[in-house]
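Data block below; observations after.
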Amino acid sequence: MSKTLKVVIPMAGWGTRMRPQTWSKPKPLVGVAGKTALDHLMDMFKTISISPSIEYVFILGPYLGELQIPPFIKEHYPDIIAHYIVQAEMKGQSHALYLARQYLVGPVIVCFADTLIETDFSFLEREKSDGVAWVKAVPDPRRFGVAEVNKDGWVTRLIEKPETLENNLALVGCYYFKSGEELMSAIEEQLQRNLPLKNEFFLVDAINIMLERHALICAEKTTTWLDTGTIEATLETNRYLLERMQAGKLTGSHASNPQALQMPDVKINLPVYIHETAEVSNSEIGPYVSIGANCKITGSRIEDSIIEADCEITNIALKGSMVGRQAAVRGKGGKKALSINIGDDSSVIMG
């Protein structure tokens, strides 16, 4: 492959299912297992070896997205070539991609921002088909889009939110297209046909138009599909990633701050992530806890929770909780574990 590969990451949604975390930051910047969700997504693309050059296209929402994502990328990924498009009106996935059409020339990977999968993109170097849709078998596919696949493994049709269970290969939100121009042509026809679902234009309808034009799309199965689209799913993803970190299966990660493991008045139940700048005293942490930079944890017991940077947690037991940046949570020493979800810059006192 000689053309520049474009990696497109649509992230323009309002993140309503992640509130109150997303009142003050876009969903991809919510923390999970010691990094932002966007950092984990960027790690996925380290196996790309199919092109001499890669450019990233971030499709942002107005306000929080357009204000916070570009400086984050500039600070944390200064060496990548990045383009930014703002989707001011939420008209769906295809509409978002069409706004970025000036960049979508040649091979394209589209991966939605709340999708994390385990895959090795290096196989695309040998891929001869017109496209690839990543899928995972699920017990109940009715919440998702699904792929119908024939006996030879080729996709025959995609269905958004099917009403029946017979096709259980759920679309995980990651796609490869050999030709961005062909994808844009299909989206143009989709928009001309006016094929929305609940006032949004879904990518599956554009891919179905490509299939009508005899494009060859194959289904690539993944066994691991993580989601950061809801609080519950993000906590589940946090658990999985912390287990992988402890097992040494995530490059460049560590299971815990070694200094915390040696603190005489702190009990650590692995797996946990504790940033090296966090201060923990007279507490029990874990399992499945992520604690961000500059946090101060005192006299507390925390399990199955995400505590973002610069928080103060005092005299409280938490479980299944998510605490945004620069938040303060104070308790009265009760032993019963509480489940809370508070956003950035919040302060609460719990009984």
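The values are calculated or read from the model by the stated rules, or taken from the named source; none is laboratory data. Since we're looking at a predicted model, the values are computed, not measured. Cβ: placed from backbone, ideal geometry, glycine included. Neighbour counts: every protein chain shown.
Looking only at segment 137-191, count every residue that is of a type in the set (D, E, K, R) and over 23 Å from the mean Cα position of the chain (by Cα) and tell me the total.
Here is the first cut: in segment 137-191, the ones of a type in the set (D, E, K, R) are 140, 142-143, 148, 151-152, 157, 160-161, 163, 166, 178, 181-182, 188-189.
So of that shortlist, the ones also over 23 Å from the mean Cα position of the chain (by Cα) come out as 148, 151-152, 157, 163, 166, 178, 181-182, 188-189.
Adding up the residues that qualify gives 11.
Check Gly61, Gly13 and return the single one that is under 20 Å from Thr228 (Cα atoms), at pLDDT below 90 and either crowded, with 16+ Cβ neighbours inside 10 Å or among the acidic types (Asp, Glu) (or both).
None of the others qualify; the one that does is Gly13.
Has segment 34-45 got any residue that is modelled with pLDDT of 90 or more and in a strand (DSSP E or B)?
Taking every residue of segment 34-45 in turn, at least one turns out to be modelled with pLDDT of 90 or more and in a strand (DSSP E or B).
Give me the pairs, please: first residue somewhere in segment 301-315 and buried (at least 20 other Cβ atoms within 10 Å of the Cβ), second residue anywhere and of a type in the set (S, T, N, Q), beta-carbon distance under 6 Å, and either six or more positions apart or on two chains.
From residues that are buried (at least 20 other Cβ atoms within 10 Å of the Cβ), the pairs are Ser305/Ser321; Ile306/Asn238; Ile306/Ser290; Ile313/Ser300.
Could you check segment 77-126 and list, in sequence order, the residues that are acidic (Asp, Glu) and touching a residue at least 60 places away in the same chain (Cβ under 8 Å)?
Listed by number, the residues that qualify are Asp114, Glu118, Asp120, Glu125.
Identify, please: which residue in segment 286-309 is among the aliphatic types (A, V, I, L, M) and under 25 Å from the mean Cα position of the chain (by Cα) and is, among those, farthest from Lys332 (Cα to Cα)? Give the steps one after another, and end with the answer.
Taking segment 286-309 and keeping what is among the aliphatic types (A, V, I, L, M), we get 289, 291, 293, 297, 302, 306-307, 309.
Narrowing further to those that are under 25 Å from the mean Cα position of the chain (by Cα): 289, 291, 293, 302, 306-307, 309.
On the way: Val289: 21, Ile291: 21, Ala293: 25, Ile302: 15, Ile306: 21, Ile307: 19, Ala309: 23 Å.
My answer is Ala293.
Output the qualifying pairs, or none if there are none: Cβ atoms under 7 angstrom, residues six or more apart or on different chains, first residue in segment 1-24 and on the phi < 0 side of the Ramachandran plot and assigned to a strand (DSSP E or B), second residue modelled with pLDDT under 90 and of a type in the set (Asp, Glu).
Qualifying pairs under 7 Å: none.
Gln68 - would you say it is farther than 24 Å from Met210 by Cα, surrounded by 14 or more Cβ atoms within 10 Å (Cβ to Cβ), of a type in the set (S, T, N, Q) and at pLDDT 90 or above?
yes
Kindly indicate which of Ala133, Ala170 is of a type in the set (Gly, Ala, Ser), in contact with a helix residue (DSSP H, G or I) (Cβ under 9 Å, 6 or more places away or on another chain) and closer than 16 Å to Asp227 by Cβ. Explain how you work it out, then say what you get.
Working: Ala133 fails: closer than 16 Å to Asp227 by Cβ.
From the options Ala133, Ala170, the qualifying one is Ala170.
Out of (1) within 21 Å of the chain's Cα centre (by Cα); (2) part of a loop (DSSP other than H, G, I, E, B); (3) closer than 21 Å to Phe202 by Cβ, the odd one out for Thr119 is which?
Checking Thr119 against (1) within 21 Å of the chain's Cα centre (by Cα); (2) part of a loop (DSSP other than H, G, I, E, B); (3) closer than 21 Å to Phe202 by Cβ, the one that fails is (3).
Which count do you get for residues in segment 48-76 that are over 17 Å from the mean Cα position of the chain (by Cα) and assigned to a loop (DSSP other than H, G, I, E, B)?
The number of residues fulfilling the criteria is 8.
Hey, can you tell me all the residues within segment 186-221 that are assigned to a loop (DSSP other than H, G, I, E, B), surrounded by fewer than 16 Cβ atoms within 10 Å (Cβ to Cβ) and at pLDDT 90 or above?
Arg213, His214, Leu216
When Gly106 is evaluated against the numbered criteria (1) in a strand (DSSP E or B); (2) buried (at least 17 other Cβ atoms within 10 Å of the Cβ), which criterion, by number, is the only one it fails?
It is condition (1) that Gly106 fails.
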